[in-house]
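The values are calculated or read from the model by the stated rules, or taken from the named source; none is laboratory data. It should be emphasised that the depicted structure is a prediction, and the values quoted were computed from it without experimental measurement. FYI the Cβ positions are ideal-geometry reconstructions off the backbone, even for glycines, and counts take in every protein chain you see. The protein model used for the area step is the full one, side chains on, heavy atoms only, and it has no ligands, DNA or RNA in it. Shrake-Rupley method; radii C 1.70, N 1.55, O 1.52, S 1.80 Å.
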Amino acid sequence: MSEKEIKNLEQIFEARIARDEKIEPKDWMPEKYRQTHIRQISQHAHSEVVGMLPEGNWITRAPSLRRKAALLAKIQDEAGHGLYLYSACETLGISRDELYEQLHSGKAKYSSIFNYPTITWADMGAIGWLVDGAAIINQVPLCNTSFGPYARAMVRVCKEESFHQRQGYEIMLTLCRGSEEQKAMAQDALNRWWWPSLMMLGPTDAESVHTEQSMKWKLKRKSNDELRQQFIDQTVPQAELIGLTIPDPDLKFNKETGHYDFGEIDWDEFWQVVKGHGPCNKERMSARVNAWNNGEWVRDAAMAHAEKNEKRKVAKAS
Amino acid sequence: MKKNWPLWEIFVRSKNGLEHRHFGSLHAADAEMAMENARDVYTRRNEGVSIWVVESKYITASNPEHNGEMFEPAQDKVYRHPTFYDLPDEVKHM
Ligand SMILES: [Fe+2]
Ligand SMILES: [Fe+2]
């Protein structure tokens, strides 16, 4: 194809998106669109999968059967989210194995929030409430994104997320109604998870490199700072309701803007964790890589079994 | 030669009376495993009463680049629609 023809196709393509038409896998698309989507969708899938690890830490020690069943179901949903997203990503012409390889080699990123440790039961509450809460804010606009398979996966994901957040908040609520120690445990979890949750919504708009292109392709509909403000505005009253204090001395409702003003985010910490120097980066990756490597013989055996069965069927038929 | 689990397309009937709809895809070694995985991945909240699994390689898809010759011929056949026919207003139930 000549450069002029490509330019022409690109214009038609952008116009389709502007008209709110969806792009499906076999449609022509600019190479940059394909690559950007592979990067974002796979990063999203990896986050769902790695996100199971901090919570998996508490399955065997959940304080009651009710909590254990809920936590298990929540974690199973996250596995499902990872799978919906990996398949959406594969429609762009990359294999599942390549995607795993990118995660395991450190080439692909996942949400840096999952590199923090889960040291008390209250962390299960804080994660559901704050981390899933922030994830919902990020994900709801993606239900209308331009790439069909991604949008459809997000519709399914968003339907399931609201239970995650509610079960987390209910854990916090219960702790806050409990003994002094239990309430202190809830406050401590909020103290540790608050700032990383704010960082989860991404670098400030001034620092964010992809925003403009992503807005055009509807990979983003609101800027990181807008999403962060929305998260803060909705979460502060929820904390107050159960008697918890947001660990930010500068947090104050601004009557003029109708939003909360908040303190400086420690972006150095954020970039440190993104670059691999968070408290649990190594632990998370080695858990993933081990699970994959140790499972290899199972995958091979299942494949060999399937092939043997297939041969038997053919032999019988002939 | 190392072989990876093939890809399967999953179709779910959400309730009797409705058609099976494409829900997504997944990897599995064989049809039986695809069925079990489909249940766990796509019907954790009573989303279905029946599942079809089809190995993706057996699906032949039309090429969107040929959408012109494929679908446009239907556009100029207005006589396939009831509104094409002019009838007097007095005619009822038609
Ligand atoms: Fe999720
Ligand atoms: Fe979730």
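Close amide-amide hydrogen proximity is noted between residue A:219 and A:146, each under 5 Å apart and 5 or more residues distant or on a separate chain (H modeled in the peptide plane; Pro and chain starts excluded). When all protein chains stay in place and ligands, DNA and RNA are ignored, the 1.4 Å accessible-area order of A:119, A:59, largest first, is A:119, A:59. Relative contact order of chain B: 27 percent, from C-alpha pairs under 8 Å at least 6 residues apart in sequence. Under 5 Å from the amide H of residue A:259 lie the amide H atoms of A:254, each residue being 5 or more positions distant or on a separate chain, with H modelled from the backbone and absent for Pro and chain starts. For chain B, the percent of C-alpha pairs falling in each 5 Å distance bin, counted from 0 to the bin holding the largest distance, reads 3, 11, 15, 12, 10, 10, 10, 10, 8, 6, 4, 2, 1, 0, 0, 0.
Loop-located chymotrypsin sites (Phe, Trp or Tyr not before Pro) in segment B:18-94 (DSSP state other than H, G, I, E, B) with a sparse environment of at most 10 neighbouring Cβ atoms within 10 Å: B:85. With N as its number of residues, chain A has a Cα radius of gyration that, divided by 2.2 N^0.38 Å, comes to 1.12.
Considering only GluC sites (Glu not before Pro) in DSSP loops that have at most 10 other Cβ atoms within 10 Å, the longest stretch of chain B without any of them is B:20-89.
Across segment A:96-109, coupling constants 3J(HN,Hα) worked out from phi with the 6.51/-1.76/1.60 Karplus curve, θ = phi - 60°, read 4, 4, 5, 5, 4, 4, 5, 5, 5, 7, x, 5, 9, 9 Hz, and Gly and Pro carry x. Pairs of Lys residues in segment A:137-268, spaced 8 or more positions apart or belonging to different chains, with C-alpha separations under 27 angstrom: 7 in total. Rg/Rh for segment A:182-262 stands at 1.04; both radii use Cα atoms, and Rh follows the Kirkwood definition. 3J(HN,Hα) along segment A:13-28: 4, 4, 5, 4, 5, 4, 7, 6, 6, 8, 9, 10, x, 8, 5, 5 Hz, from the Karplus curve 6.51 cos²θ - 1.76 cosθ + 1.60 with θ = phi - 60°, whole Hz, x for Gly and Pro. Summed over qualifying helices (DSSP H, 4 residues or more, each -39500 (n - 2.57)) and divided by its residue number, chain B shows a 222 nm mean residue ellipticity of -5000 deg cm²/dmol. Remark: segment A:268-281, residue by residue, has Karplus-estimated 3J(HN,Hα) of 4, 4, 3, 5, 4, 5, 4, 7, x, 10, x, x, 10, 3 Hz, where x stands for each Gly or Pro and the curve is 6.51 cos²θ - 1.76 cosθ + 1.60 at θ = phi - 60°.
Mean per-residue shielding of peptide A:83-89 is 4, counting Cβ atoms of other chains within 10 Å of each Cβ. Where in chain A lies the longest segment free of GluC sites (Glu not before Pro) that are both loop residues by DSSP (not H, G, I, E, B) and have at most 10 other Cβ atoms within 10 Å? Result, exposed sites excluded: A:1-255.
Restrict the search to segment A:1-100; then list the trypsin sites (Lys or Arg not before Pro) that DSSP places in a loop and that have at most 15 other Cβ atoms within 10 Å of their Cβ. Those satisfying the criteria are A:19, A:26.
By the Kirkwood approach, averaging reciprocal distances over each pair of separate Cα atoms, segment A:249-311 gets a hydrodynamic radius of 16.6 Å. Contact order, relative form, for chain A: 18 percent (alpha carbon pairs under 8 Å, 6 or more residues apart, mean separation divided by residue count). Within chain B, the longest segment free of exposed loop sites, counting trypsin sites (Lys or Arg not before Pro) that fall outside DSSP classes H, G, I, E and B and have at most 13 other Cβ atoms within 10 Å, spans B:46-76.
Rounded to the nearest 20, the size of the Cβ-charge dipole of chain A about its Cα centre is 1440 debye, with Lys and Arg at +1 and Asp and Glu at -1.
Distant-in-sequence amide contacts of residue B:7, defined by a placed amide H-H separation under 5 Å and a gap of 5 or more residues or a different chain, comprise B:56.
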